[in-house]
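To keep things clear, I will list the structure first and then write my remarks on it.
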Amino acid sequence: MRTLVSRLIHSNPSFSRLNVTASSKIARSFTTDSNQVDEPFKVEEAETVNIPPPPTDKLLVLGGNGFVGSHICREALDRGLSVASLSRSGRSSLHDSWATNVIWYKGNLLSGDSLKEALNGVTAVISCVGGFGSNSYMYKINGTANINAIRAAADQGVKRFVYISAADFGVVNFLLRGYYEGKRAAETELLTRFPYGGVILRPGFIYGTRTVGSLKIPLGAIGSPMEMVLQHAKPLSQIPLVGPLMTPPVNVTSVAKVAVRAATDPVFPPGIIDVYGIQRYSQHKSK
Ligand SMILES: NC(=O)c1ccc[n+]([C@@H]2O[C@H](COP(=O)([O-])OP(=O)(O)OC[C@H]3O[C@@H](n4cnc5c(N)ncnc54)[C@H](OP(=O)(O)O)[C@@H]3O)[C@@H](O)[C@H]2O)c1
């Protein structure tokens, strides 16, 4: 009987994931004289297992040649996904070796059918498209461009869509009206079109190494110590107007990790994830 149980456990992968305590309890329960199970089945602790996403998952990163987008492409490739990117300049100035594994598309989200070919066979989209300028330009690039992408992806049957938005910055919101109004308009569209698979990340300042041409700018030199101090100052962020300026910066690798997970994990909760949520999810083990 013990051999039979052992074979059962080892032939079934879901059994073998349970920890040893649980397996020995099952064995003990089955070896009693009567047919009754003498102890209730109890799993004390299940081990987290690192299962890579199915190789068929194809991710499209909008703005994959930008600062955040390039880290997202890298993270997705490391997780075994097939990765494509679309932006106005295509591959642009990136010379890193991982970049050869990305399919680069050139296209402008503000013009017509740019996305059609790039969306072919795609299961999830992450949009890093955004920018600064005049109020009307900021509305277009953060709002309209992303709204166009969200609509095209929904029409094409894409399952999950992650949008890199931005945290509120109190008084700054007024000065950058077009930026924030655009962000919030794109968020509304995403929640409407992707009620079950739409995730909005709202980081504050994102730090890490930003590549500009052949230059690598280490923004972490400022961002990292600020994050350490401000992550413990959450109550201060509740102060009206100036409180949001206390939002801690977040590492670009954390944003990338959470974005890829949100795009590929079917049980990742839809909705808005603030900077504290990004920090929390980035510390979870990958599933
Ligand atoms: N960096 C931060 O500290 C920070 C903080 C909070 C939120 N965010 C948000 O995070 C996102 C990514 O930021 P980032 O710092 O990585 O910006 P970035 O480096 O400027 O990247 C923006 C990307 O969008 C692409 N893009 C712009 N307009 C486009 C269009 N019309 N069609 C297609 N692609 C277009 C750009 O490529 P092309 O120029 O080649 O088109 C680029 O790849 C943005 O939405 C930003 O608002 C950033």
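Throughout, read-outs are computed from the coordinates displayed, never taken from laboratory work. This is a predicted model, so every value here is computed, not measured. Here the Cβ positions follow ideal geometry from the backbone for every residue, glycine too, while neighbour counts run over all protein chains shown.
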key: Packing-based exposure ordering (other Cβ within 10 Å, fewest first) of 216, 183   = 216, 183
note = The residues 136, 92, sorted from fewest to most surrounding Cβ atoms within 10 Å, come out as 136, 92
query = Can you list the HN-Hα couplings for the range 141-150, worked out from phi with the Karplus curve (6.51, -1.76, 1.60; θ = phi - 60°), rounded to whole Hz and with x for Gly and Pro?
reply = 6, 8, x, 3, 4, 6, 4, 4, 5, 4
task = Restricting things to alpha carbons, find the Rg to Rh ratio for the range 58-283 using the Kirkwood radius for Rh.
result = 0.94
task = May I ask you to derive the relative contact order of the range 58-283, considering only C-alpha pairs under 8 Å and at least 6 residues apart, and to give it as an integer percent?
result = 20 percent
key: In the range 58-283, lysine pairs with alpha-carbon atoms under 15 angstrom apart (chain gap of 8 or more, or interchain)   = 4
Binned Cα-Cα distances of the range 159-219, short to long, each 5 Å bin given as a whole percent = 4, 16, 19, 17, 15, 17, 9, 3, 0
ask   = By counting other Cβ atoms within 10 Å of each Cβ, how are 161, 67 ranked from fewest to most?
value = 67, 161
query = Residue by residue, what Karplus-based ³J(HN,Hα) values in Hz, rounded to whole numbers, does the range 268-283 have, using 6.51, -1.76 and 1.60 with θ = phi - 60° and x for Gly and Pro?
reply = 5, x, x, x, 9, 10, 7, 5, 5, x, 4, 4, 5, 5, 5, 8
note = Expected vector for the range 249-263, Karplus 3J(HN,Hα) from phi with 6.51, -1.76, 1.60 and θ = phi - 60°, integer Hz, x for Gly and Pro, equals x, 9, 5, 4, 5, 5, 4, 4, 4, 5, 4, 5, 5, 5, 7
